[in-house]
Amino acid sequence: MAGIISESVIKRLPRYYRFLGELKAEGLERISSRELSERMGLTASQIRQDLNCFGGFGQQGYGYNIQLLQAEIGEILGLNTPKNTILIGMGNMGRAVTNHMNFESKGFHLIGLFDAKESLVGQIVRNQPIRSIDTLDEFCRENLPKVAILCIPKEAAKGIAEQLVKLGVKAFWNFSHYDIAMNHPGVVVQNMHFSDSLMRLSFKMGNN
């Protein structure tokens with residue numbers, strides 16, 4: 001793999017994976033960079049540059065083997081290496097994420113659900129019991145999760161993030177709006193701000 005990969009290339013990789021899956025479902029076996037570019041709204045040269053960041057794929061005049069290319073991108077994305085994951089906060093957002101996200105196909109193994117509200121403890125969501133946040137330390141020491149999904153208010157996230165980092169969590173999918181990376185530069189964070197996405201849509205509408 002080449003040196004540092006730009007954030008823009010990383011953002012496009014899941015899109016390549018998804019489009020290749022759709023092509024495979026259509027029964028197609030091969031595709032050229034030009035044909036792929038037309039489907040994805042990118043230039044053929046952009047696609048070749050992106051894929052060249054990770055080595056040579058495809059052949060001149062022969063195109064890409066769709067199944068093999070998707071498998072290679074899946075390997076680059078780490079989809080074949082399940083990462084033990086816990087989710088904190090089983091309110092509306094936490095339940096939606098738990099019920100509707102296919103974690104296993106994305107390289108994550110959801111092993112624990114937690115909430116501070118005692119009335120939720122013991123409820124079963126996606127075949128797993130909601131555990132008390134008071135049991136978080138013990139659970140993490142026994143099960144060694146490396147990823148945490150935070151679906152909790154910003155004011156609660158600071159303490160929970162600090163606790164989880166001390167327990168060995170290395171990565172966060174963060175819905176809390178708390179800036180984890182600022183205080184914990186050694187961890188990997190993917191922040192989710194739905195309002196930011198909606199404001200970007202508003203900007204695009206006004207500047208289309």
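What follows draws every value from the coordinates through simple rules; no lab data is involved. Owing to the predicted nature of the structure, the values given are computational and were not obtained by experimental measurement. Cβ: placed from backbone, ideal geometry, glycine included. Neighbour counts: every protein chain shown.
General remarks:
- Each Lys or Arg adds one and each Asp or Glu subtracts one; over the other residues with Cβ under 11 Å from the Cβ of residue 115, this totals +1.
- Shape class of segment 7-75 from the alpha-carbon gyration tensor: rounded, with the ratio a/c of largest to smallest axis under 1.5.
- Taking label positions 7 Å along the Cα-Cβ direction at both residue 67 and residue 154, the computed distance is 4.9 nm, reported to one decimal.
- Note on the chain: antiparallel DSSP beta bridges, both residues inside, total approximately 20 percent of the bridges counted.
- Subtracting the Cα-Cα distance of residue 25 and residue 170 from 0.36 nm times their residue separation leaves 48.7 nm of extension gain.
- Geometric descriptor of the chain, per residue, is 157 Å³ (volume of the convex hull of the Cα atoms).
- Among 71, 116, 44, the largest mean-square fluctuation in a Gaussian network model of the chain, built with springs joining Cα atoms closer than 10 Å, belongs to 44.
- Computed from the C-beta positions of residue 38 and residue 132 and an R0 of 41 Å, the FRET efficiency is 0.20 to the nearest 0.05.
- Cross-link reach list, lysines versus residue 117, counting only Cα pairs under 22 Å and skipping chain neighbours closer than eight places: 154, 158
- Inter-part distance, segment 132-174 to segment 69-103, computed on C-alpha centroids, equals 16 Å.
- Net charge dipole, segment 83-196: roughly 260 debye, given to the nearest 20, about the Cα centre with Cβ charges of +1 for Lys and Arg and -1 for Asp and Glu.
- Positive-end extreme of charge dipole, segment 7-75 - chosen from 54, 23, 8 (charges on Cβ): 8
- Short-range pairs are left out: with C-alpha atoms under 8 Å and at least six residues apart, the relative contact order of the chain is 14 percent.
- With the simple model of a label 7 Å out from the Cα in the direction of the Cβ, residue 84 to residue 201 spans 3.8 nm.
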